[in-house]
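The structure under discussion appears below in the form of structure tokens.
Just so it is clear, none of the values below were taken in a lab; they were calculated from the coordinates. Nothing here was measured: the structure is a model prediction, and the numbers come from that model. As a convention, Cβ positions derive from the backbone with ideal geometry for all residues, glycine included, and neighbour counts pool all protein chains shown.
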Amino acid sequence: MPPREGIYGLLAEFDTPSELVHATEMAHRAGYRRMECYTPYPVEEAAEALRFHKTRVPLLCLLGGLAGLITGFLLQTWINVWGYPLNIRAMPLFSWPAFVIPEYELTILFAGLSTAFGMIALNGLPQLYHPLFNAPNFARGATTDKFFLCLEANDPRFEPVKTREFLEQFSPASIVEVDH
Amino acid sequence: MATKGPIPEIVDPMIDPRTGEYAVIAPGHTFKSVTQKIAGIVLTANTPWAWMGGLFLAATIAMGVVITVTWLLLKGVGIWGITIPGAWGFAIINFVWWIGIGHAGTLISAILLLFKQTWRNSINRFAEAMTIFAVVCAGMFPLLHIGRPWLGYWLLPYPNTMNVWPQFRSPLAWDVFAVSTYATISVVFWYIGMIPDFGTLRDRAKLPLAKYCYGMLSLGWRGSTRHWIRYESASLLLAGLSTPLVLSVHTTISFDFAVAAMAGWHTTIFPPYFVAGAVYSGFAMVLTLAIPIRKFYHLEDLVTLRHLDNMAKVMLATGSIVAYGYGMEIFMSWYSASHWEFFMMWNRMFGPMGWAYWVLILTNLAIPLTTLWSRKLRVNVVYLFCLSFVVNIGMWFERFVIVVTSLYRDYLPSSWGTYRATKWDYMLFIGTWGLFTTLFLLFARLAPMVPMSEIRMMLPETKVRPGGADAEVVVQEAL
């Protein structure tokens, strides 16, 4: 794939989360959809302004947990009944109550790993390069104390001049044009 | 000139006037100041001399592990004081003790998160690190105790040419699953928690190598809101998974004892009593670590007296559960009307090793549970630091008493023996302290000790007012 060229988007910098949430809400009302907020800590109000509510992380957690439970059950049942049957104190070969703890641990192990790696994968990480890292003020602030709104160029409503004017009405600390 | 009117009270700025409690975070901090403070510890070019000295000392002590394990691999477990009937000895005592210490880290990071105890934010990262390093120390002991550690992988179910599989009706096989899951999930939870902070370190690092390493570790984190929402969801789920996990781990370990038909072990109270004891010793260890760290790195603003006070309260609660456990053991040894149970308890208190029982009562119950009721002592840093050692000694003796006194005088007097640890037992145990401290010092230097993103969420600046910039003016006036 040839490297993408041109503008990635317009990045507005704000000093407070309130300004960011206000600008995001207004941008959404103005019809912008391809946009993203960047904050140094989770700002739930920003997610609401972006109308981003649902994540599939809990589903992955559930599926992982079920997979762990089934693995634990089948593994132990097969081993103790067919794979390597041992007579222990004349207990039945299929003594399922004794299998509960390894099943329980495997449920948690699989659920935890699928949650963690699922979250990373859904977020598209690891992604060591991103156009926003080209913006000089982004690296200085996004992970420390500044709040950013990026209106992306692939939005149908995006026009470099008009979008900039739109963002200026929220009096951001700066507006930077970000290249790919 | 005599002053008239009420004498103005000297108000401690750390005390919240509305509640009378110490603040969780000192007033006057901003996003920038907390970030600078925490990131500065890691990114500074000047490594403190005291840190170097501490690392040298700790690593030297950790050599005890290397030497003992080498000798053990050459000679076998006979170099330890384990014999029949006292076959478990220091290896199992230390295993249970270390893994118990780890439990407080998970409790702080998971259970207190679910209960929305935001004060935990400042201490959860290094408590989690403590968990992982404690599990590293703990995991070594049963592996060495199996006699041929190089065959340790036989514990896992895997297809092999011998056609042999583990026996899943034994708690010892359950232990393998519990401890390995615990170690894995703790590491994952710890790392996931650090991703945004690694992003901050990447952006603030001056050194190209540091920028590169933290950049790789942060996976390219950029603080996108959609990422944050998934991240928060994953954190909450991991906390929800870790909570039953941490309770199950010490429960499973207590089954190693409770399932055996030994007087003093075969009791149903063991699981809750082991878990409470684990949390008790774990909080003591968090205090042991937190008090010097907040002093040395000047983190008094973030790890305040409120944290120390709260941790002391948790110790008081869990210590009381442990006290109940001891009381119930004594009661049941009488109420069971079992001759063996009764003798075991008599032997535990007044037998040849009775002194260990009284050391345990003194250090685990008598000293902490009488003094921790006093708020003055709970916020006395020096006292808490000393007390944390006392409790950890007490909890070690608890495991010693449980393991040794039940084993060395069992049902048949003809098979009675004694237990005496050898110099190798001591060397390995002390060596693990060095290993633990070494790992912890490296962590304190190389990773963010306090979660920056979570601290930022606790600041008053995070309040979002609808209406944007205009509303901000109103807020400032109101403050």
Principal axis dimensions, region B:189-284 - Cα atoms, whole angstrom, descending: 62, 29, 21
Could you list, in their original order, any pairs among B:37/B:463; A:162/B:211; B:116/B:211 whose Cα atoms are separated by more than 30 Å? A:162/B:211; B:116/B:211
Residue (of B:180, B:212, B:201) at the positive-pole extreme of the protein assembly as shown, dipole from beta-carbon charges: B:180
Roughly speaking, what % of Cα-Cα pairs in chain A are separated by over 31 Å, rounded to a whole number? 41 percent
Please compute, over every Cα-Cα pair in region B:292-368, the percentage with a separation greater than 19 angstrom. 56 percent
Extension gain (nm, one decimal) between residue B:66 and residue B:87, 0.36 nm per residue minus Cα-Cα: 5.3 nm
Ordered by fewest other Cβ atoms within 10 Å, a rough proxy for footprinting exposure, A:103, B:232 read B:232, A:103
Looking only at other chains, what is the average number of their beta-carbon atoms within 10 angstrom of each beta-carbon in B:159-167? 3
Translational D in µm²/s for chain B (Stokes-Einstein at 20 °C, 1.002 mPa s, Kirkwood Rh from C-alpha pairs): 87 µm²/s
Quick one: Debye curve from the alpha-carbon atoms of region A:57-122 only, equal weights, vacuum; give me log10 I(q)/I(0) at q = 0.14, 0.24 Å⁻¹ to two decimals. -0.47, -0.89
Just report the Cα centroid separation between region A:76-108 and region A:42-68, whole Å. 35 Å
For chain B, take the longest principal axis of its alpha carbons; what is the angle in degrees between that and the long axis of helix B:208-217, to the nearest 10 within 0 to 90? 60 degrees
Based on the mean of other beta carbon atoms within 10 Å per residue, what is the order of A:107-118, B:277-288, most packed first? B:277-288, A:107-118
Using Cα-only point scatterers and the Debye equation, what is log10 of I(q)/I(0) for the protein assembly as shown at each q in 0.09 Å⁻¹, rounded to two decimals? -0.85
I'd like to know which of B:146, B:370, A:124 lies farthest towards the positive end of the charge dipole of the protein assembly as shown, counting +1 on Cβ of Lys and Arg and -1 on Cβ of Asp and Glu. B:146
Between residue B:49 and residue B:211, what is the label-point separation in nm under the 7 Å Cα-to-beta-carbon projection? 3.3 nm
Check: chain A dipole with +1 on Lys, Arg Cβ and -1 on Asp, Glu Cβ, in debye: 700 debye
Can you find, among B:464, B:421, B:408, the residue sitting farthest towards the positive end of the charge dipole of region B:352-469, where Lys and Arg contribute +1 and Asp and Glu -1 at Cβ? B:464
Using the Cα centre of chain B as the reference point, and only Cβ charges (+1 on K/R, -1 on D/E), how large is the resulting charge dipole? Debye, rounded to the nearest 20. 700 debye
